[in-house]
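Each remark here refers to the structure printed beneath this line.
Where a number appears in this text, it was derived from the coordinates with a stated rule and is not lab data. For clarity, every value in this text was computed on a predicted model and none was experimentally measured. Here Cβ is always computed from backbone atoms with ideal geometry, including for glycine, and neighbour counts include all displayed protein chains.
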């Protein structure tokens with residue numbers, strides 16, 4: 001069975017228009033983003049501390 005779109009629209013950039021369709025997600029998943037150091041590319045750690 002083909003998925004059905006729940007909405008549609010158009011994104012325009014000057015004279016170029018791109019048609020889009022919106023679909024529901026097939027499954028839910030957690031998405032995580034990590035900040036990376038610009039020079040070496042390693043993950044940046046956040047330290048938590050009590051200021052008192």
Unique match (being under 19 Å from the mean Cα position of the chain (by Cα), surrounded by fewer than 10 Cβ atoms within 10 Å (Cβ to Cβ) and either in a loop (DSSP other than H, G, I, E, B) or on the phi < 0 side of the Ramachandran plot (or both)) among 49, 33: 33
Given (1) surrounded by fewer than 10 Cβ atoms within 10 Å (Cβ to Cβ); (2) under 22 Å from the mean Cα position of the chain (by Cα), index of the condition residue 20 fails: (1)
